[in-house]
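Engineer: Got a structure here, written out as structure tokens. Questions coming.
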Amino acid sequence: MSNASGASSGSSIGRSRGRFYGVPKTCPCGEQIMELISKSNNNPYRRYYRCGYAVARKLANDNHMFKWVDEAHLEEIEALKTKNVRLEEKLEAIAAERTEFERIVFENVQMKLEKEIFERVEETLIEASSTSKKMMIGVIALCMVMVGFSKQLG
Ligand SMILES: [Zn+2]
């Protein structure tokens with residue numbers, strides 16, 4: 001977290017801006033980023049990202065990109081973690097939605113089935129009653145015919 005290194009003059013500026021998140025690809029000035037190794041006493045051999053323009057001109061106390069590599073990587077990991085959590089939440093929401101959807105579909109199918117069965121039963125009942133009516137009419141007609149015959153015979 002220290003910015004007391006030979007190359008860290010831009011660190012506090014870059015950090016305070018807060019928009020350089022993770023591993024920088026280019027400097028805000030448009031220049032390519034270089035990966036260098038600190039030779040300072042405070043951060044010996046610590047790797048850092050630095051604007052190529054600033055390196056070429058050996059700038060100090062400038063607004064060009066400076067960032068410790070380990071800190072940039074930590075930020076990337078944090079960003080990934082956040083992304084992961086968001087993805088998990090999304091997946092959970094999708095799963096919950098799907099369960100709800102399946103429940104509705106299941107209920108609809110069940111309702112349809114029940115309705116269909118009810119209609120079938122009703123149809124069968126109507127059919128049965130009409131058949132029995134026909135049979136009754138047939139029986140009655142037969143009786144009348146028999147009565148007629150017996151009258152003729154008698
Ligand atoms: Zn730059």
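Engineer: Which residues, counting only those in region 62-97, are within 16 Å of the ligand (Cβ to nearest atom) and open to solvent by 60 Å² or more (accessible area, probe 1.4 Å)?
Structural biologist: 63 - this is the single residue of region 62-97 that is within 16 Å of the ligand (Cβ to nearest atom) and open to solvent by 60 Å² or more (accessible area, probe 1.4 Å).
Engineer: With respect to residue 52, is the statement that it is surrounded by 13 or more Cβ atoms within 10 Å (Cβ to Cβ) and modelled with pLDDT of 95 or more true?
Structural biologist: Values: surrounded by 13 or more Cβ atoms within 10 Å (Cβ to Cβ): yes; modelled with pLDDT of 95 or more: yes.
The answer is yes for residue 52.
Engineer: Further, regarding this structure: Return the total of residues in region 37-49 being at pLDDT below 95 and within 16 Å of the ligand (Cβ to nearest atom).
Structural biologist: So the answer is 0.
Engineer: Oh, and also: Quick check on residue 122: is it among the acidic types (Asp, Glu) and open to solvent by less than 100 Å² (accessible area, probe 1.4 Å)? Break it down stepwise before answering.
Structural biologist: Numbers: among the acidic types (Asp, Glu): yes; open to solvent by less than 100 Å² (accessible area, probe 1.4 Å): yes.
Answer is yes for this residue.
Engineer: Would you please name the residue that is nearest to the ligand (Cβ to nearest atom), looking only at residues in region 20-36 that are closer than 15 Å to residue 71 by Cβ and open to solvent by 80 Å² or more (accessible area, probe 1.4 Å)?
Structural biologist: Initially, region 20-36 is screened for residues closer than 15 Å to residue 71 by Cβ, giving 20-24, 33, 35-36.
Restricting the remaining residues to those that are open to solvent by 80 Å² or more (accessible area, probe 1.4 Å) gives 21, 35.
On the way: 21: 17, 35: 14 Å.
Only one residue tops the list, namely 35.
Conditions (1) of a type outside the set (Phe, Trp, Tyr); (2) without any contact (Cβ under 8 Å) to a residue 24 or more places away in the chain; (3) within 16 Å of residue 22 (Cα to Cα), marked per residue:
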position	(1), (2), (3)
61	yes, no, no
69	yes, no, yes
80	yes, yes, yes
83	yes, yes, yes
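Engineer: Which condition number does residue 59 fail, the rest of (1) over 18 Å from residue 34 (Cβ atoms); (2) surrounded by 10 or more Cβ atoms within 10 Å (Cβ to Cβ) being met?
Structural biologist: Condition (1) is where residue 59 drops out.
Engineer: Oh, and also: For residues that are open to solvent by less than 80 Å² (accessible area, probe 1.4 Å) and closer than 18 Å to residue 74 by Cβ, tally how many sit in region 37-49.
Structural biologist: 5
The values are calculated or read from the model by the stated rules, or taken from the named source; none is laboratory data. Every value quoted in this text rests on a predicted model; they were computed, and no experiment measured them. Because the Cβ atoms are built from the backbone with ideal geometry, glycine has one as well, and the counts that use them run over all protein chains shown. Side chains included, ligands, DNA and RNA excluded: accessible areas come from the protein's heavy atoms. Shrake-Rupley method; radii C 1.70, N 1.55, O 1.52, S 1.80 Å.
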